[in-house]
Every structure is written in structure tokens, then in C-alpha cells.
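What follows is a set of notes on a single structure, which appears directly below.
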Amino acid sequence: MSAPEDEERLLLLTQRWPRASKFLLSGCAATVAELATFPLDLTKTRLQMQGEAALARLGDSAKESAPYRGMVRTALGIIQEEGFLKLWQGVTPAIYRHVVYSGGRMVTYEHLREVVFGKSEDKHYPLWKSVIGGMMAGVIGQFLANPTDLVKVQMQMEGKRKLEGKPLRFRGVHHAFAKILAEGGIRGLWAGWIPNIQRAALVNMGDLTTYDTVKHYLVLNTPLEDNIMTHGLSSLCSGLVASILGTPADVIKSRIMNQPRDKQGRGLLYKSSTDCLIQAVQGEGFMSLYKGFLPSWLRM
């Protein structure tokens, strides 16, 4: 078969299954990005758990009284205390999560943009459509990926549990899924899904909408063309807005997912995301909702 025929065949495949192709490409890109940036995600999660005031109710306040450390000191502390490779602890469920989440949200967003809403006559995607489409895409993608996100967060905290002398909860990824399922049932795999989809909606609203808007503005009002420089500046702005909007919900989500549970799978620290929010603000101050902000922004 000649080269032109190969190109034509490949083109037909992508045209025949455009959504599946976008899902697979998004999943592959997400896997590469996850491996490259995962230490930032681990650092973010550890920072979000530092100084958790609600642990005092279980008598663990002494163990949790370590001074607050910034992003760099936290990362160096993990390397010194647990080993360099522990910066990637929990990366397997994180990859699972990103394949489902990134593929799901991008396919949903493009479907809403191209089929449901459509662009205006000047080929521009209106801001209000980007807002609704981005939020809906984030909610759907994150809801589907919640079980993998739950396992990721809990495995990211295993190294800290070992340093504190606590027993490890899991032997590996599949054991984590099986144990959570056995203790809490199907509902247990969706623990923390409410703040999780709230975070996803806010992040996607800030991320996708800001990216589209900034790129459109730069192309129309500056000498920049639609190239890598424009994409980079748009990503910088969109990541900042997404982190500002989504970090509080991310902190709440991480704490609810990581909290100890009883034999029925019920959380021992927080009754709901609202209860977690109130306890965090009352016990640690409003800025506790922005723990892990810097690594979160850099990662985005």
C-alpha cells in the first residue's frame, strides 16, 4: 500500500470515529503530562493535609503538628524522608484518572461546542457558551473518574502514614480498589464526589473559558499569531484563574477522600463537604483553603 493510501486510510479512521480518536489522543497526552507533573500533584496533596485541625478530635493533633512547609521544602522533605521515587507514589491511579477525566471532558466539551451550542457567525465561541460547556464537561468527566481520584489521594498519603507509625492501608492499586469496594460498596468509590465535581466545574470554567477568551483576544488585538507563544500565554492565564477558583474545593475534596472511616465506610472527621469547609476555616483560617495553590497552578 502506497503512502498516499496509508494517509487516506488514517484520515478515514479519524473521520469515522472522531470522538473515540479525541478520547484516545487526550488520554495519551494526559498520561505523558501526568508522569511529568505528578510530583507537583503529590506535593499539593501533602500541603493540603498539613495542619488539618479536625484530626484533633481523634487525638492525632500531636502527630499533625509539623510546621507548615512550602512547595519546595515539602518536595525535598519527601525525597529525604521517603526516597526520590516516592514523588511518584500513587501515579498509577492518577494515570487511570487522567485517561478517563481528560478524555471524557474534552470529548464532552467539543461535542457541546460543535453540536449542542455551535459557534457564532464570526466563528467565535461566545463566553457564556464556554462557561456552560466547560462546567458541564468537567462535571461529567470528574464524576466518571472519581474512584480513581479517591485511590490516588489515599495512596499519596501512604508515605506520610508510614512515617507517623500508622499501618499502611493498601498493598497496591488494585488492592486499594478492592478494599474500598469491600468496606464501602459502590458508594464508597464515590466518596467525596460532591466537592470533586464542584472543583472540576470551577476548574474547567476557569481553564477552558479563559483559554479560549485569552487566545481569541491575543490573536485579534496583538501582533501574536495562533502559535505556541499564544497557546503558552493563554495556558498561563487559564491555569491561574482555574487554580484561584478550584483550589478551595480541591482542598475539601482531598480531605474528605483521605479521612479515616468506620467499618461501614462513613467518615470520622467530616459529615459533608460543608462541614469540612467550616472546620477548616474555623480551625485553620480562610487561607487554609488555598494550601497547595502554587504547585496546583504550576501543574496546570
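The values are calculated or read from the model by the stated rules, or taken from the named source; none is laboratory data. Since the structure is predicted, the reported quantities are computational estimates derived from the model, not experimental observations. Here Cβ is always computed from backbone atoms with ideal geometry, including for glycine, and neighbour counts include all displayed protein chains. Accessible surface areas use protein heavy atoms only, side chains included; no ligands, DNA or RNA. Shrake-Rupley method; radii C 1.70, N 1.55, O 1.52, S 1.80 Å.
When residue 43 is tested against (1) in contact with a Ser or Thr (Cβ under 9 Å, 6 or more places away or on another chain); (2) at pLDDT below 90; (3) of a type outside the set (A, V, I, L, M, F, W, C), only condition (2) is not met. When residue 191 is tested against (1) surrounded by 22 or more Cβ atoms within 10 Å (Cβ to Cβ); (2) assigned to a helix (DSSP H, G or I), just one condition goes unmet, and that condition is (2).
If residue 155 meets every condition in (1) under 30 Å from residue 128 (Cβ atoms); (2) surrounded by 21 or more Cβ atoms within 10 Å (Cβ to Cβ) apart from one, which number is that one? Here residue 155 clears every test but (1).
Scanning region 158-184 for residues that are hydrophobic (A, V, I, L, M, F, W, C) and either surrounded by fewer than 22 Cβ atoms within 10 Å (Cβ to Cβ) or in contact with a Gly (Cβ under 6 Å, 6 or more places away or on another chain) (or both) yields 163, 168, 170, 173, 177, 178, 180, 181, 182. Residues that are surrounded by 15 or more Cβ atoms within 10 Å (Cβ to Cβ) and either polar (S, T, N, Q) or in contact (Cβ under 8 Å) with a residue 40 or more places away in the chain (or both) within region 211-232 comprise 212, 213, 216, 230, listed in sequence order. Considering region 234-289, the residues that are among the hydroxyl-bearing types (Ser, Thr, Tyr) and not in a helix (DSSP H, G or I) include one that is nearest to residue 154 (Cα to Cα), namely 270. All told, residue 35 meets the bar of being at pLDDT 75 or above, under 30 Å from residue 101 (Cβ atoms), open to solvent by 60 Å² or more (accessible area, probe 1.4 Å) and assigned to a helix (DSSP H, G or I).
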